Amino acid sequence: MTRQPGPEAPHPTRPAGPQSLTALLTLLALLPALCALFVLTAPGARAAEGDPAVSLSKKEAGKGAEITVRGSGWRPDALLMLLICGQSTPERGVIGGTNSCANADGRAVTTDRKGAFSKKLPVTEPPKPCPCVVHVATVTGEQALADAVFTVAGHSTADLPRQGGDGKLAVLATTRLEGDSSLLTWFGAPPARRLVLTVGNLGSDPVEDPVFEIGTAHGVYAPQWEERQWRGTVAPGGKARIELPVELSAGAHGDYQVSLRYGDKVLAEQPWGVGRPWGVTLFWVLLCLVVPAAVFRIGMAVVDKVRPRPAGVHRLRRPTAPPAVIAKTDTNTNTNTNATTAVLPWFTPDSAPSENRPRPTTKGQA
C-alpha cells in the first residue's frame with residue numbers, strides 16, 4: 001500500500017515578537033540624534049546656543065575699578081562692543097541710544113568659535129544717571145544685543161522717563177535725498193547726503209528726541225544700521241520735518257538702498273545711485289603710464305653710464321682751466337691788445353694813404 005502525496009501544508013511564519021519591535025523603535029528614535037550629531041560635527045556647522053547672554057563678575061563697582069564681562073550664545077567670530085550705559089534697564093533697553101553710554105571708555109571684543117567671550121571693562125560714569133546696564137551689541141552683520149544690570153557706585157540716580165507707549169511716528173510725505181557731490185567725491189571721498197522726510201505723531205503722547213536708525217545696503221548684502229538722534233519734540237497730532245545725515249564709505253559707487261527705521265518698524269526706503277569716482281581711475285591710469293616711463297628713462301641712463309666704449313672712441317670734452325689761469329690769460333690778452341693798439345699809427349681821413357683814397361674822376365670818364 002502506497003501513500004499518495006498530497007498538498008504540502010504551508011510553513012507557519014514566525015510572528016514578530018516584542019524584542020524585534022523594540023529594536024525597530026529604538027533605531028527610529030536614534031536616527032534624528034545621529035543626524036544631529038553628523039550636522040554638529042560637520043566642518044563649519046554651529047549648534048544653536050540660544051539667545052545671547054551676558055554675565056558680570058561684579059554687580060556694583062565705583063569709578064576707576066574694573067569688571068570682567070563674559071558672554072555666551074553669540075555668533076562665532078563676531079565683533080562686539082561693550083559699553084556702560086545710564087538711564088537703561090534690560091526690559092526697556094538703552095533709552096536715548098548710545099548717547100546715554102560712556103562711548104569713550106568702551107571696549108571691543110571678538111567671540112571665539114563657540115560664540116563665547118571674556119573681556120575686562122573699566123568702570124566709568126555714563127553721561128546719564130543710573131539705573132545703568134552693561135550694554136553688549138554686535139558691530140557688524142546681523143544685529144544682536146544683550147544687557148546686564150550694573151550699578152556705578154557714587155553715580156547719580158534718577159527715575160526713568162515716562163514711557164510714551166502711545167506715541168507713534170509715521171511718514172507723511174515722500175522721503176528724498178538732498179545734497180550734491182563735491183570734486184573730492186570724484187576722487188574717492190565718502191559720498192554724503194541728507195535724508196529729508198516729514199513725520200507725524202499719530203499717538204496721544206509726545207515723542208521727544210527720537211532715535212532713528214539709518215541703514216545702507218548695497219546689492220544683496222544686509223543693511224548696516226547706524227543710530228541718528230533727532231533733537232526735538234513731535235506733539236500728538238503734530239508733524240515735523242526731519243533731516244538726518246547719510247554717509248557711505250570712501251570710494252563707494254553703484255546702487256544703494258537707504259532705509260530709515262524707528263524702533264522695530266521701517267518707516268521709509270530710498271534708492272541712491274552713486275557714480276563711479278573716475279578721478280581715482282584717471283589717477284591709476286596716469287600712474288601706470290608715468291611710472292614705467294620714469295623707470296625706462298632711469299634704466300637707459302644707467303645703461304648709458306655703465307656700457308663699455310669701443311676702442312679709439314673718446315668723448316670730446318672742452319678742457320676747463322682753473323679760474324686763476326683764465327684770469328691770467330685774460331690779463332695777458334688785454335695787455336697785448338693795448339700794446340698793439342698803442343704801436344699802430346693813427347690815421348685820419350685826410351692823412352690816409354693814397355691807395356685808400358677814392359680816385360678823382362675826369363670829365364668824359366665814367
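At a glance:
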{"item": "Criterion: among the basic types (Lys, Arg), out of contact with any Pro (no Cβ under 9 Å at 6 or more places or on another chain) and under 24 Å from Cys101 (Cβ atoms) - qualifying residue of Arg231, Arg241, Arg276", "result": "Arg231"}
{"item": "Condition met for Trp284 (of a type in the set (A, V, I, L, M, F, W, C), at negative phi and touching a Phe, Trp or Tyr at 6+ places or on another chain (Cβ under 6 Å))", "result": "no"}
{"item": "Yes/no for Ala104 being part of a strand (DSSP E or B) and within 16 Å of Glu125 (Cα to Cα)", "result": "no"}
{"item": "Number of the condition not met by Phe283 [criteria: (1) surrounded by 15 or more Cβ atoms within 10 Å (Cβ to Cβ); (2) touching a residue at least 60 places away in the same chain (Cβ under 8 Å)]", "result": "(1)"}
{"item": "Flag for Thr110 being open to solvent by less than 70 Å² (accessible area, probe 1.4 Å) and either under 23 Å from Gly154 (Cα atoms) or touching a strand residue (DSSP E or B) at 6+ places or on another chain (Cβ under 6 Å) (or both)", "result": "no"}
{"item": "Index of the failed condition, Leu177 passing every other in (1) loosely packed, with under 13 Cβ neighbours inside 10 Å; (2) modelled with pLDDT of 90 or more; (3) within 30 Å of Phe283 (Cβ to Cβ)", "result": "(1)"}
{"item": "Qualifying residue in the stretch 81-95 (condition: open to solvent by 90 Å² or more (accessible area, probe 1.4 Å), at pLDDT 85 or above and either aromatic (Phe, Trp, Tyr) or part of a loop (DSSP other than H, G, I, E, B) (or both))", "result": "yes"}
{"item": "Residue count, the stretch 235-262 (criterion: open to solvent by less than 50 Å² (accessible area, probe 1.4 Å), within 30 Å of Leu169 (Cβ to Cβ) and not aliphatic (A, V, I, L, M))", "result": "4"}
{"item": "Boolean, Gly50 is open to solvent by less than 70 Å² (accessible area, probe 1.4 Å), in a loop (DSSP other than H, G, I, E, B), closer than 22 Å to Gly263 by Cα and modelled with pLDDT under 95", "result": "no"}
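The values are calculated or read from the model by the stated rules, or taken from the named source; none is laboratory data. If you're wondering where the values come from, they're calculated on a predicted model, not measured in any experiment. So basically every Cβ, Gly included, is an ideal-geometry build from the backbone, and we count neighbours across all protein chains shown. With ligands, DNA and RNA removed, areas are computed over all heavy atoms of the protein, side chains included. Shrake-Rupley method; radii C 1.70, N 1.55, O 1.52, S 1.80 Å.
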